[in-house]
Amino acid sequence: MNILLIGSGGREHAIAWKLAQSSLCDQLYIATGNPGTALVGKNIDIQAHDFEALKSFCLDQDISMIIVGPEAPLVEGITDFFRQEATKHIGIIGPSAYAAQLEGSKAFAKQFMQKYGIPTASYLEVTTSNLQEGFRFLEAQSAPYVLKADGLAAGKGVLIIQDLEEAQLSLQEMLTGKFGKASEKVVLEAFLSGIEFSVFALTNGKDYILLPEAKDYKRIGEGDTGLNTGGMGAVSPVPFVDQSLWTKVRARIVEPTIHGIHQEQMDYTGFVFFGLINVEGEPYVIEYNCRMGDPETEVVMPRIQNDLVALLQSAIEGNLTEHQMQIDARSAVTVMMVSGGYPEDYAKGYTISGLDQVEGSIVFHAGTHASGDKILTSGGRVLAVTTLHTDFKAAAKISISNADIIQFDGKYYRKDIGFDL
Ligand code: AMP
Ligand code: GLY
C-alpha cells in the first residue's frame, strides 16, 4: 500500500525508517519530511495544515494509510476532515479533534481523568471569573506551584514557580493573555515529586497494545539543569519500570484510559502517549499526548520488531488483539545533537559533516535541510543519534562517540543521557 506520513522531525524520520522496512509498504511519502526521511521515502512539499492539498495528493497517489506525527493537525481536525466521503476509505492514525483535546486542553484531560478515576495531581480550573478561588488554591498548596495554560502553547505553557506571590502574579498574567487564547483558562495543580517516564499505547479506541516505555531528558544541561527543551535524549527500556510498576500502570492508568475513550465514543485510532511520574512506586498521569513523543520515538521504534505497517493496519481494522508485541531486549539510547544557543536563539545553515563516518548508531534527522549535496542545520534539535546495545551505558557511549564524529558549528549534546538510572 501507499502510505503518507505527516511531519518533519526526528520522530517522523524514526517512524518513516520503521515503515520503510515493511513489505506491506509500497510507496512511502512524507509531508514535508527532512533529508533523513528522503533516504527511506519521498518527501512532498505540502504543509500539515493544508488539508485540501493533502486530500488531492492522497487521491492522486492512491494513499491507503495516513500517519499523523505531530499534534497540531490532529487538534485542528485532520482526522475528521479525512473521514468525509471522498477520503473515508483512507485509514488514518491519529484521533479526531474532539479526542485530541486529551492533549489540546489540560482541563479536558483533567476532567476525563477525574471521571474515570485515573491517578493524577489534584487541580483547579481557573478563569477570570474565579480568580480569587485560584489564589486560595495556591495558598493551600506548598511550593513549588504548578500553573498550566489550558491550550497548546508550543510546549511553553507550564510554569513551575517557587514563590507564592510570584505564582499568583503569573496566574493573573496568564489569564490576561501571557499565552494568548491558550491561557484564557489555567489549570492549577498540586506538585508531584518523582521521576518521569513515558508509556505508549496503540489503540483503536477499544483495544490496545503497549509499545516499549521510554524516558526523555528535557533539560539543556548535564545533570538535568538549565532550561527546558524539546528533549535532549531518551532511553528505552527504563530500568526502574519493573513488573510491579508496569502492572499498576496497566491496571490504574492504561486500561481506564482506553475504557474512558471507548465509553465517551471518541474516534481514536492512533497512539496514546502517557506522560507519567513515579511517586514512591505509585504512577500518576502528568499529561496525555495524542501522538508519539519526540525524542522517545527515536528509542521506541528501533526496539519494535513487529512489522509496524501490520500493527497500524490492525488498529485501523479493529483487530489489534491478534498481535503479540515483539520487543528487542536490548536498550536503546538517543543523544540529541542541538544547535549552540538552543533552546534560546541559535543560528541555522551550518554544514554538517561526518555523517558517513558514523558506525554502530542510527542517525535520525530532526532539524536538517538539504542544499545541493550538502546537509545543513535548520533547527534547534538537529540530529538524534540512537544506539542499541545490551548495556544502556555502552549504548550511550557509542551514541556519544558518534556525536563526537559528526561536526557542525556550535554543536552541543549532553554526555550524560541515562546518568540517573
Ligand atoms: P506537561 O506539559 O503537563 O507535561 O508539563 C510539563 C512538565 O512540567 C512535565 O514534564 C513535568 O516535568 C512538569 N509537571 C507538570 N505537572 C506537574 C505536576 N503536577 N507536578 C510536578 N511536575 C509537573
Ligand atoms: N518528549 C516529549 C514530547 O514529545 O512531548
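The values are calculated or read from the model by the stated rules, or taken from the named source; none is laboratory data. Note that the structure is a prediction, hence the values are computed from the model and not measured. Glycine also receives a Cβ, built like all others from the backbone with ideal geometry; neighbour counts cover every protein chain displayed.
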Filtered residue count, region 231-271, keeping only those that are in a helix (DSSP H, G or I) and hydrophobic (A, V, I, L, M, F, W, C): 8
Helices (runs of 4 or more DSSP H) contained entirely in region 61-137, each with at least 1 residues that are of a type outside the set (S, T, N, Q) and farther than 14 Å from Asp267 by Cβ: 72-75, 97-104, 106-115
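To keep it simple, each residue is scored yes or no on (1) within 21 Å of Val235 (Cα to Cα); (2) surrounded by fewer than 18 Cβ atoms within 10 Å (Cβ to Cβ).
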site: Met301; (1), (2): yes, no
site: Gln324; (1), (2): no, yes
site: Ala332; (1), (2): yes, no
site: Ala370; (1), (2): no, yes
site: Asp391; (1), (2): yes, yes
site: Asp404; (1), (2): yes, yes
Asp80 vs. criteria of a type in the set (D, E, K, R), at pLDDT 95 or above and loosely packed, with under 13 Cβ neighbours inside 10 Å: no
Some residue of region 284-293 being touching a Pro at 6+ places or on another chain (Cβ under 9 Å), among the β-branched types (Val, Ile, Thr) and outside any helix (DSSP H, G or I): yes
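Yes/no matrix, rows are residues, columns are (1) on the phi > 0 side of the Ramachandran plot; (2) among the basic types (Lys, Arg):
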position: Gly231; (1), (2): yes, no
position: Leu245; (1), (2): no, no
position: Leu276; (1), (2): no, no
position: Glu296; (1), (2): no, no
position: Arg303; (1), (2): no, yes
Looking only at region 195-232, and only at residues there that are within 18 Å of Thr257 (Cα to Cα) and of a type in the set (A, V, I, L, M, F, W, C), the one that is nearest to ligand 1 (Cβ to nearest atom): Phe197
Subset of region 257-299 that is among the aliphatic types (A, V, I, L, M) and under 25 Å from Gly233 (Cβ atoms) - its residue that is farthest from ligand 1 (Cβ to nearest atom): Val299
Any hit, region 215-228, residues being surrounded by 19 or more Cβ atoms within 10 Å (Cβ to Cβ) and in contact with a helix residue (DSSP H, G or I) (Cβ under 7 Å, 6 or more places away or on another chain): no
Which listed residue, of Leu188, Leu192, Leu147, Leu159, is within 11 Å of ligand 1 (Cβ to nearest atom), assigned to a loop (DSSP other than H, G, I, E, B) and crowded, with 18+ Cβ neighbours inside 10 Å: Leu192
Qualifying residue in region 114-128 (condition: surrounded by fewer than 18 Cβ atoms within 10 Å (Cβ to Cβ), over 24 Å from Ala366 (Cβ atoms), aromatic (Phe, Trp, Tyr) and without any contact (Cβ under 8 Å) to a residue 60 or more places away in the chain): no
